[in-house]
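A.B. asks: The structure follows.
Bear in mind that the values in this text are calculations on the coordinates, not laboratory data. Here the structure is a predicted model, which means the values were calculated and not measured. Ideal geometry is used to build each Cβ from the backbone, glycine not excepted, and the neighbour counts take in all protein chains shown.
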Amino acid sequence: MPRRTGLLGGTFDPLHYGHLRPAREAMGLLHLERVVLIPSGVHPFKGEGKRFSAEDRLRQIEAVLTGWPGFSVWDHEVRKVGYSYTIETLTARRAAFPDEEHVLLMGADLLRELHLWRAWERIIDLAHIAIMPRPGFAIREEDAPALAVLNEKRVGGPENLVFARSGRFGFCVLPLGELQEISSSELRTGAKNPQEWCPSGIAEQMRSNQIGEKQSGRRSPGQ
């Protein structure tokens, strides 16, 4: 019996509760055995302009997830040289963990750019896709061209993905309870308080960095 595994990729710069809480809810809705966070190394759209280095983000996530049962982190993209592409990461994960069946967890905001991803139409042939709604991002074909293709594999609610026959992949939108109104950029620029939205270790690192930047007269990224 394949181990049903949720995969959540991102820059996680920084990791915050807007990533973790929806993923934990998705774990229950989809009967996932575990959720694996995959921090990006060099993102093809976001480049290298980050507050924390890839190694720093990896260490932060490893430390935080000790308090989140069922969560783990995979360093594949951090160790990879060059850009990271989801289709290549999925292919590598399937090869490295052949006992898993994968559900790709995606925020609704990513639907707007999915049609620009490398070989994006092949992703649904390698994994289920479960969309986590976000405030301010309607899930409509006029906003997200890829939906026209994904809707052909739409299976209704998450319970239909749970009982899908092994090897037959589908698409659904998760009926999450409380939507998290937060983004990493808001935390980097100070628009949202890291003490409220980040696990304690990350919040303290961000606070220390901000104090250091103020003392040296440097401006934070995005300001």
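A.B. asks: If each residue's Cβ is checked for other Cβ atoms within 10 Å, how do 118, 165, 57 rank with the fewest at the top?
C.D. replies: By the 10 Å Cβ count, ascending: 165, 118, 57.
A.B. asks: Once fully extended, how much extra length lies between residue 34 and residue 181, figured as 0.36 nm per residue of separation less the alpha-carbon to alpha-carbon distance?
C.D. replies: So the extension gain works out to 50.5 nm.
A.B. asks: Sticking with this structure for a sec: Hey, what angle do you get for helix 17-29 against the long axis of the chain, alpha-carbon based, 0 to 90 degrees rounded to 10?
C.D. replies: Rounded to the nearest ten degrees, it is 20.
A.B. asks: Ok, one more. Under the rule that an exposed site lies in a DSSP loop and has at most 13 other Cβ atoms within 10 Å, name the longest stretch of the chain with no chymotrypsin sites (Phe, Trp or Tyr not before Pro) of that kind, not counting the sites themselves.
C.D. replies: Counting at most 13 other Cβ atoms within 10 Å as exposed, the longest clean stretch of the chain is 46-162.
A.B. asks: Ok, one more. Check residue 107: other-chain or 5+ apart residues with amide H under 5 Å from its amide H, H built from backbone geometry?
C.D. replies: Correct list: 132.
A.B. asks: If you don't mind, another one. Which of the following values of Cα extents along the principal axes in Å was calculated from the structure shown: (1) 59, 44, 30; (2) 61, 40, 33; (3) 58, 37, 34?
C.D. replies: (3)
A.B. asks: Run lengths n ≥ 4 of DSSP H only: what is the helix-derived mean residue ellipticity at 222 nm for the chain, with -39500 (n - 2.57) per run over all residues, to the nearest 500?
C.D. replies: -9000 deg cm²/dmol
A.B. asks: Counting pairs of alpha carbon atoms under 8 Å apart in space and at least six apart in sequence, what relative contact order in percent does the chain give?
C.D. replies: This gives 23 percent for the chain.
A.B. asks: Could you state the angle between the C-alpha long axis of helix 54-64 and the longest principal axis of the C-alpha atoms of the chain, as a value from 0 to 90 degrees rounded to the nearest 10?
C.D. replies: Roughly 80 degrees between the two axes.
A.B. asks: Just grab the label-to-label distance for residue 116 and residue 96, each label 7 Å out from Cα along the Cβ direction, in nm (one decimal).
C.D. replies: 2.7 nm
A.B. asks: Oh, and also: Taking amide H positions as placed 1.01 Å from N in the peptide plane, with prolines and chain starts having none, which residues 5 or more places from residue 71, or on another chain, fall under 5 Å of its amide H?
C.D. replies: 35
A.B. asks: Could you tell me how many degrees, from 0 to 90 and to the nearest 10, lie between the Cα long axis of helix 200-216 and the main elongation axis, the longest principal axis, of the Cα atoms of the chain?
C.D. replies: Here the helix axis deviates by roughly 40 degrees.
A.B. asks: A further question follows. List the GluC sites (Glu not before Pro) in region 102-188 that DSSP assigns to loop (not H, G, I, E or B) and whose Cβ has at most 15 other Cβ atoms within 10 Å. Which are they?
C.D. replies: The qualifying sites are 113, 141, 142, 178, 181.
A.B. asks: Further question: With r as the distance between the Cβ atoms of residue 193 and residue 149 and R0 = 41 Å, compute the FRET efficiency 1/(1 + (r/R0)^6) and round to 0.05.
C.D. replies: 0.55
A.B. asks: Right, next: Report, by chain and number, residues whose modeled amide H sits under 5 Å from the one on residue 101, excluding near sequence neighbours (fewer than 5 apart, same chain).
C.D. replies: HN-HN under 5 Å from residue 101: 3, 4, 5.
A.B. asks: Apply the Karplus parameterisation 6.51 cos²θ - 1.76 cosθ + 1.60, with θ equal to phi minus 60°, to every residue of region 159-171 and state each ³J(HN,Hα) to the nearest whole Hz, in sequence, with x for glycine and proline.
C.D. replies: Result, rounded to whole Hz: 4, 6, 6, 4, 9, 5, 5, 3, x, 9, 9, x, 10.
A.B. asks: If you don't mind, there's one more thing I want to ask. Going by how many other Cβ atoms sit within 10 Å of their own, how do 102, 115, 16 line up, fewest first?
C.D. replies: Going from least to most buried by this count: 115, 102, 16.
A.B. asks: Let me know the charge dipole size of the chain about its Cα centre in debye, to the nearest 20, where only the beta-carbon of Lys, Arg (+1) and Asp, Glu (-1) is charged.
C.D. replies: Here the chain has a charge dipole of around 300 debye.
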